[in-house]
Structures are given as structure tokens and as C-alpha cells.
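The values are calculated or read from the model by the stated rules, or taken from the named source; none is laboratory data. Note that the coordinates shown come from a computational prediction; the quantities given were computed from them, not determined experimentally. A quick note on method: Cβ atoms are made from the backbone with ideal geometry, for glycine too, and the neighbour counts reach across all protein chains shown. Side chains are part of the model used for accessible areas, which takes the heavy atoms of the whole protein and leaves out ligands, DNA and RNA. Shrake-Rupley method; radii C 1.70, N 1.55, O 1.52, S 1.80 Å.
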Amino acid sequence: MSTRQTLPVLPLRGTVIFPGLTAPIAAGRPGTLRAIESALKGDRLVFAVAQRDNAEEPAPEILYSMGVIARIGQIQRGLGGVQLLLHGEQRATSLQYTTTEGYLSAVVMPVEEMSPLDDQDAAFTALHKEIRERAAELGERRGLPEEVVHQVLDSVTEPGKFSDLVAGYIELSVPEKQGLLETLSVEERLRKVLVHVQRQISLLEAQEEIKSQVQEELGERQREMFLREQMKAIQKELGDDDQSKEIEELREKLNKLTLPKEARTEVERELGRLERAGRESMEAQVIRTYLEWIAELPWDKRSDDQLDLKHAITVLDDDHYGLKDVKDRVLEFLAVRQLRAQQLSEEMDRTGEFPVAKLKEPKEDATATAAPKKSNGDDKDRAITDKREAKARAMAKGPILLFTGPPGVGKTSIAKSIARSLGREYVRVALGGARDEADIRGHRRTYVGAMPGRIIQGMKQAGTKNPVFLLDEVDKLGSSFQGDPSSALLEVLDPAQNDSFTDHYLGVPFDLSEVLFIATANFIQNIPGPLLDRMEVVEFAGYTEREKAEIAKKYLIPRQLEENGLGGKEISFTDEAIASLVSKYTRESGVRQLEREVGKVARKVARRIATKSGEDPSADGVLTAEEVRELLGRPKVHPEKANIAHEVGIATGMYYTPMGGDIMFVEASVRPLTTPSPSDGNGGGAPVALILTGQLGDVMKESARAAFTYVTKNAERLGIPRSRLGTVETHIHVPAGAIPKDGPSAGVAISTALASELSGRPVRKDIAMTGEITLRGRVLPIGGVKEKVLGALRAGITDVVLPKDNEADVEDVPDEARGKLRFHFVESLEEVLALALLPEPTKANGEPLAVVA
């Protein structure tokens, strides 16, 4: 029966002692040294037990209960402690830990292991044999001599002691070794040790395989270097050394690039093909061109963004007058990116890491490869680079803008100003008339003369991976049997996809996520829906006459005077002269024609000054409206003017085109029919014939029919005598018949003209109106309010009738114009007619007065 005994405790850190094994131990802690001295005074026995952690001061709660009764062998004292050999004798378990005289002691009881029921059992014998063979294999794989391994293993025959021997020599963690020590069943302990031995063998096999692969790769590289040197010598003898130098220069340039993994693999493959191809072969020329394209693309070059909002405001105001809404949108666009860049920089300063997860970088960045760079240990440069990266990434993931509006309003030029305000490169690609998908994606290299598409060519032209990229006239794209370029743009203009744009010529992904794409268009309805869905629309309205005059004064006149040799002359235009140029010689929404007219005046003045012939209108340095008339000849534009008198059957409407707003007249005339119209389906007593002329569109014709129905149905309420509702023919005409007209906004004017003609009441000459109507006489909202109102003001109108729902749109009208007009907001046609129609004129005797019809 096992007997209890009290022994000094020897706490072990990072190791476990097994019975039958001798292990060197270093001791230096005061409590441990006292325990050793106590053991040396007695029978040299200690209780060696492992700690649960590496605490400096051992305590009972951090010691395992199972340990080994060990005997101290040789001991060597030193300045830092003692070195001793500890031989494990028997497993034991601690019943109680106590502290006496500055060291731990324990009451321990030896523990016997559990032998198998039948040690001759075939399964147990096979297990014992298997672990012996695996242990021998492990020792040999670790590099021990075979005879030494067998000598050590053959010296132990008992299965329990053999398992303890192997467990003591294999590399395991303390908890795993402690688990083996506490396993009292010999068969179970053998199984556990076998699992650990097999795991160690598998680990060594994997290490040997990795080592073999590395050696093989190094051998291949050395062989390749040797063959290359031989090839260089042969080429030198053949006179092909120049080609070798070119290839090496190209290789060196490509190695400096940070390429995605796919691109690096493709480049290495093509370089190998180029080295094997003859100098004069066609294939070598194609490969060299391809590699030069790869080398010249900005894979890792960026412009340092300027996110200074004040600077952007200054640049935009210097370059463009007006366009407040557009400038506000651009400044909002820049402000958001400024805050994002600051946010990322602050987080990077706080955490010391680049916040990759927030930016959602493309996967290719993580696999990018480049020639290794030497670290100079300069943390400051690294911080600056990281902040630039943060700014670049902040600018990358944003909406793609679409500037839409009439020609000449500054869509293209403001994109260039955005690039200047950001400090980025500017690239413009004109897409008008493109009908081939290869224009966007490029041609495959199988074709002779293949080239990359416009996108990759633009990136090469920019020289940086974050330019401002203008896709001009995106609404002019066509399609043909060669493909649809607008479909190819879907990938380019999708922030979720363009980080891996693949050009057919390159054949490898190229990151476009940091490019600021801006598209321009004149007619948004010509853009396919999926493509339009990827862009944020910013609308450019046409300039008002006042805005055109200011643009001419601040930008166009100084530029044209400089271009025509009058920069040093004291020549200026009066406000009347500029107004004359705007209203009488141009009719456009932009300012291109205005600049041409200003240039024509400047050229004529320059000619007179140069020849000194005739009267020089610029002698006093000021050009007046009369002198402009003399230089340019008769006016080329004749805008509509308000009527000079109140007339029956003529109403003033308003319209809007991309060239601006203006007024138009709607004329109505009624004449009796002697015979019923063939189209009469309602009986002979109702007016049935309706004639519409003036090249009206389908929508405008429907508005005229709705107006006709409303007026005739409500004739009694509108004061229309029944004598005028006989069998009549009603004719509605809109002058300027050569110009097509369409839209629902003329419904109010048509109704007013009809009501005036049928009732005999004149329409006010100073009132203009616009609005869509319904059969019930409701007035519905329309568009283009600002342009229509400004056109009416220019024509001499003083009162404007607008739908009630358009009241908020009047805020877009300049304050100066609003101060000169009276606005009437209506919800029904009855309100319109009450405002627009005058009482029927009468003679002194009360008879109706004849009016101009």
C-alpha cells in the first residue's frame, strides 16, 4: 500500500518530468533554492510538479496536483542559482501544499499506473510495436544516428516506461505533457503518445517538402541565370547585344512597377517570349509594343489631391460666371471628399494603421507585386505616403457625374476647372459618333495593328491613376454590328466594378476606381437607362441675357481683344452694345455664337486700325450699339415682341427650348359652315370642325382638342352667345410654321384664344401664360419656368400667369427680373380667363364694337 510522505516542492516552469527520465534543471528562485537545500539535507527527494503558468512566485493554486517524486543527482552551484540533474522515480499526487521556512512542501502519495488486463493481447502488442517503429522513425527524421536511436529505445522494454520515455522527448506543450503524465492507463497513454508522434512525423514531412521545393526553385534560378549568361555571350558574338540591352532595360522598367498578380504573371510570360523571339520577327514587335504599353501605364502613380475648398471656389469663380447650382454641386462633391480624407487621416494617426476595411480596397491591391524596396526606416515618409493614400482612396469611391444641358453652357470647361482645383491631371475623350465597342475596350492582340481602347489610352496620356476623366458627348454614342460602346461603358462607370477593368488589348485588370469620371450630354433621353442609372445627373440650364452680358464683359471680350491684337488698346463696349450683341445677333443657350460675334467685331476694328481707312469707331476707345450695328450689319435675330394692342382671338403663350425661352402667339378664328362637316357626328347644331396648323406635335394637338372641348362645353359660363355655337369651323394657328412645336404647356394659351374668339372679348396684350389643362379646366404644372419668364420679360410682358404648383419655381428667376413682373398663380381656367380677357367693347348706344379679329 502506498504511504504518504512530506517532500519539498520543486515548481517547474515550461517543462514536465516523467518517471524514468533524467533532465537538467536550472533553479534560481529563493523558494526553490530553499526547497533544494532542504532535500539535500535529507534523502535528496523532491516533489517535481509543473506550474499552470509562468508566474515568478509559485503558489499552491497555480501548481498541478499530479507530479513526480524525483531524486536530485549532480548539482553545480553558480552566481545565478544552481544547475542540477533531476531523475524522475514515480508518479505521485499532492494531497496538501503548505509553506514552511520560506519554501513549499507537499504531502504526497505515490500513484501506481494501470497495466492492461492482458499484455499479450494482439491489439495491445500491435500498439506497442507501432509506437516503437514510429518513435524510431521520428528520431531518425530528426537527424539522430540510427544506432543511437535503437540503443535508447531498446533499453526500455516495459510499455508504460516506454511511453514515458517517448513522451519526455517529443515536443509538446506543458498542458499536453501534463495530460500524458496524468494518464494512468498504460494502453491509453500509448495511444495518446502515438498520436503525438505521428503528428510530429507529419510536421517534419511537410518541412522537408517545403525545403525540397525551395532548394529546387533556387536550383532552377541558378540554372536559368547560368543559361542567360551563356545566351548573352552568344548574342554578343552574333551582334545581337543591342536587343539584349533593350530587353533588359524594359525588364528593369517593368520590375519597378507595382503590378497586380495577374499582370505580373502576364508580363513575365511575355518577356520570356520576347527573349526567345528573333529581333526582326513580327511577333517580337507585337510583344515589345504590348510590354511598352504596360510599362507606360500609371499602375502606382498618383497626383497629390488639393482638397482646399476655398481654392476650389476661387478657381471655379475665376473660370465661370453664374452656374450657381452646378458650382454648389461640385463644391459639395469636393467637401464630402475633404471630410472623408480628414477622417481617414485622423483615424490613421490615432491607430497607426491604414483603415483598409473601411475603404474596401480591391483584392488586387493585396496581391500586388513589385521589385523589393529597401527600407530606410523613415517613419515620417511612410506617414506622408499613407496620408496621400488616404486622400486618394477618399476620392476614389464616389458618384460619377453627368453634366447635361444645351451646347455652349460650360459643361466641358467646368470639368477642366474641377481638375485644376483638385490639382489632378485632365483627360478628355470625345465619344461623339463612336460606334465600335473596341473604342472603349480596345482590340484583342490577335489583330494586326491592335491598340488599347480610349480609356486605357487616356490613362496613359494622364500619367497618373487618379485623373479627372471627361467622357464628352456620351449621348452621341452609336451602335453597329461591331458592338455597342454604351454597354462597354457600364463597367467603366460602375464604382463596384471598375477597380478591375479589363481592356481587350491588355488582357489584365487595371484599377480605375480612383479616377474621377465626368460625362457630358446634350440630350439625356438618348442615354441608355442602365448607363444613366450609374451616373448622377447635374443639369445645366441656358444662360439668361443678363448672364450672357456679364460673361461677355468679364471673359469673352478681353479674350477676343487679346486674340485679335487689340490687347494693348483701350477698347471697351458699352452695356447697350453688349446687350445688342446678345439679343439681336445671337439666339442660343450658351455663349459660343456670342463669342464669335465679339470676335467678328474685334477683327473689323483691328482691320480699320491697321489700314487707317474711314472713320475709326474705336478712336475714343468705346464701342456703342450704333457702331456695332455698323460693323455687323443688320440684326440677324428677331425675337417676338408683345402685341401693340388688345386683340380678339390672339393669346400670348410662352415656350422653352435649349436655346432659351420666348413668347409665342396662339391665334384662333371661327367661321360659319354653310353645310355640315362630313366629320359631324353630333348633329348639326354643334361646332365640329377643328383645324390645327403651325406644324404642331401630337401632344400639342391633344392640348388644342382638350381646350376646344372645355370652351364649348362651358360656353354659357364663359359668356359665349349660343349664336356663335352653330355649325362652325374653328381654326387654331401658331405662327412660325416652319418650326416644329410640341408639348402640353400651350393648353392655357389655346383655351384663352378660343374663349376670346367665341366670346368676342379681347385678350390683354401685356399678359403671357403657360400651363397644361384638363377637360375639367384644371391647370397643371409645367417645366422651364425660369427660361419662359425671362423670355416674356425680354418681349415686354408685364404680367405672367403660371400654374399654382409652379409657384416655388419662381425662386429660380433672378431678383432683378422678378421685380419687373407681376405673377399670377392659378389653379383653373376660369381664373386664367378672368385675368386675361377684357370686357367686350361697346359703342355709346350699347351695341358691340367691332374689334380686330
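Considering each of R435, R428, R444 in turn, give the residue that is under 19 Å from the mean Cα position of the chain (by Cα), open to solvent by 70 Å² or more (accessible area, probe 1.4 Å) and at negative phi. Answer to the selection: R428.
Among the residues of the stretch 478-506, which ones are among the charged types (D, E, K, R), touching a residue at least 12 places away in the same chain (Cβ under 8 Å) and either open to solvent by less than 20 Å² (accessible area, probe 1.4 Å) or farther than 9 Å from R435 by Cα (or both)?
First, the residues of the stretch 478-506 that are among the charged types (D, E, K, R): 484, 491, 494, 499, 503.
Going one step further and asking which of them are touching a residue at least 12 places away in the same chain (Cβ under 8 Å), we end up with 484, 494, 499, 503.
Once the filter is applied, which keeps residues that are among the charged types (D, E, K, R), touching a residue at least 12 places away in the same chain (Cβ under 8 Å) and either open to solvent by less than 20 Å² (accessible area, probe 1.4 Å) or farther than 9 Å from R435 by Cα (or both), the stretch 478-506 yields D494, D499, D503.
Listed by position, the helices (runs of 4 or more DSSP H) contained in the stretch 740-827 that have at least 2 residues being closer than 23 Å to E588 by Cβ and over 43 Å from the mean Cα position of the chain (by Cα) are 785-794. Of all residues in the stretch 257-272, those being open to solvent by 40 Å² or more (accessible area, probe 1.4 Å) and modelled with pLDDT under 85 number 1.
If you check Q306 against the conditions, is it outside any helix (DSSP H, G or I) and polar (S, T, N, Q)?
Details: outside any helix (DSSP H, G or I): yes; polar (S, T, N, Q): yes.
Judged against the criteria, Q306 is a match.
Of all residues in the stretch 161-200, those being open to solvent by 30 Å² or more (accessible area, probe 1.4 Å) and of a type in the set (F, W, Y) number 1. Considering (1) farther than 22 Å from T32 by Cβ; (2) modelled with pLDDT under 85, the lone condition that S163 does not fulfil carries the number (2).
Being open to solvent by 50 Å² or more (accessible area, probe 1.4 Å), closer than 30 Å to E61 by Cβ and of a type in the set (D, E, K, R) is true for just one of E158, E113. Which residue is that?
After ruling out the rest, the residue left standing is E113.
Taking every residue in the stretch 507-522 that is in contact (Cβ under 8 Å) with a residue 12 or more places away in the chain and pairing it with any residue that is assigned to a strand (DSSP E or B) and acidic (D, E), at least 6 positions away or on another chain, the pairs with Cβ-Cβ distances below 7 Å are T520/D472.
Please go through the stretch 707-720 and pick out each residue that is assigned to a helix (DSSP H, G or I) and open to solvent by 20 Å² or more (accessible area, probe 1.4 Å). Across the stretch 707-720, the qualifying residues are F708, T709, T712, K713. Would you please list the contacts, defined by Cβ atoms under 6 Å and residues six or more apart or on different chains, that run from a residue in the stretch 65-86 that is touching a residue at least 40 places away in the same chain (Cβ under 8 Å) to a residue that is of a type in the set (F, W, Y) and crowded, with 18+ Cβ neighbours inside 10 Å? Qualifying pairs under 6 Å: G67/F47. Consider the stretch 232-256 and keep the residues that are part of a helix (DSSP H, G or I), touching a Lys or Arg at 6+ places or on another chain (Cβ under 8 Å) and farther than 16 Å from Y290 by Cβ. The one that is modelled with the lowest pLDDT is D241.
Is at least one residue of the stretch 573-583 in a helix (DSSP H, G or I), modelled with pLDDT of 85 or more and farther than 25 Å from A792 by Cβ? Reasoning before the result, please.
Applying the first criterion (in a helix (DSSP H, G or I)) to the stretch 573-583 yields 575-583.
Among the residues that remain, those that are also modelled with pLDDT of 85 or more are: 575-582.
Within this subset, residues satisfying the condition of being farther than 25 Å from A792 by Cβ are none.
No - not one qualifying residue is present in the stretch 573-583.
Figure legend. Inter-residue proximity from the stretch 191-203: first residues closer than 13 Å to R132 by Cα, second residues among the β-branched types (V, I, T) and assigned to a helix (DSSP H, G or I), beta-carbon distance below 7 Å, spacing 6+ or different chains. Indicated pairs: V193/I131; V193/V166; L194/I131; V197/I131; V197/V166.
Scanning the stretch 629-640 for residues that are at pLDDT 85 or above and in a loop (DSSP other than H, G, I, E, B), we see that the one that is surrounded by the fewest Cβ atoms within 10 Å (Cβ to Cβ) is R634.
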